[in-house]
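Worksheet: one structure, shown below.
Throughout, read-outs are computed from the coordinates displayed, never taken from laboratory work. All of these numbers come straight from a predicted model, not from anything done at the bench. Heads up, the Cβs are rebuilt from the backbone with ideal geometry, glycines too, and the neighbour counts pull from every protein chain shown.
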Amino acid sequence: MNDTNASLITQSLEIASERGGDLTSAVYARLFQERPDLEPLFVMDTNGAVRGEMLSRVFDAILDFIGPCAYAHNLIHAEATTHDGYNVPRETFTLFFTTVADTIKEACGDAWGVDTEHAWSRLLEEIDLYIKANA
């Protein structure tokens, strides 16, 4: 990922955080709307802590994926493998990253431009290719 795209993604994360605060509820509401079959997997997460931790790891993975790539690939692979045990298909990881991007886009509002859209599209393509290659 080039520096310009990485900067746009980082900037959008910052804007979304400023405008939307904790995006956990919004991300999971969007996810469960699209995939209601996933919601029962969180039945034990009564206070949202697991969802918050998972989203935090996704943000960390994104920032590493667009930056030094020190651990994101291993983290994504490890989490995909772990989730195999929960019968969560690998393509659900691509969906989750897309859900996060859509939620960030919504939180950014008018600060989300064509270049930001392109940067996120490129990131999502790269993550999807990585997930498919390591299934």
- Query: What list do you get for Ser12, Ser25 if you sort them by fewest beta carbons within 10 Å?
  - Reply: Ser25, Ser12
- Message: Can you classify the chain as rounded, prolate or oblate using the Cα gyration tensor, where a ≥ b ≥ c are the square roots of its eigenvalues, rounded means a/c under 1.5, and otherwise it's prolate if a/b beats b/c and oblate if not?
- Response: oblate
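How do Tyr28, Tyr86, Tyr130, Tyr71 rank when sorted from fewest to most other Cβ atoms within 10 Å of their own Cβ?
Tyr86, Tyr71, Tyr130, Tyr28
Pairs of Cα atoms under 8 Å, at least six residues apart: use those to get the relative contact order of segment 3-133, whole percent.
Numbers: 88 pairs, mean separation 56.1, N = 131.
Over segment 3-133, the number comes to 43 percent.
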- Task: Find how much the distance from Thr46 to Lys105 grows on full extension, using 0.36 nm per residue of separation minus their present alpha carbon separation; answer in nm with one decimal.
- Result: 18.5 nm
- What length, rounded to one decimal in nm, is gained on full extension from Ser7 through to Glu39, with 0.36 nm per residue of separation minus their alpha-carbon distance? 8.2 nm
- Item | Modelled FRET efficiency - R0 25 Å, Tyr71 with Ser121, Cβ distances, 0.05 increments | 0.60
- Query: Could you put Trp120, Trp112 in order, starting from the residue whose Cβ has the fewest other Cβ atoms within 10 Å?
  - Reply: Trp112, Trp120
- Item | Separation of alpha-carbon centers, segment 105-129 and segment 12-86, rounded to whole Å | 16 Å
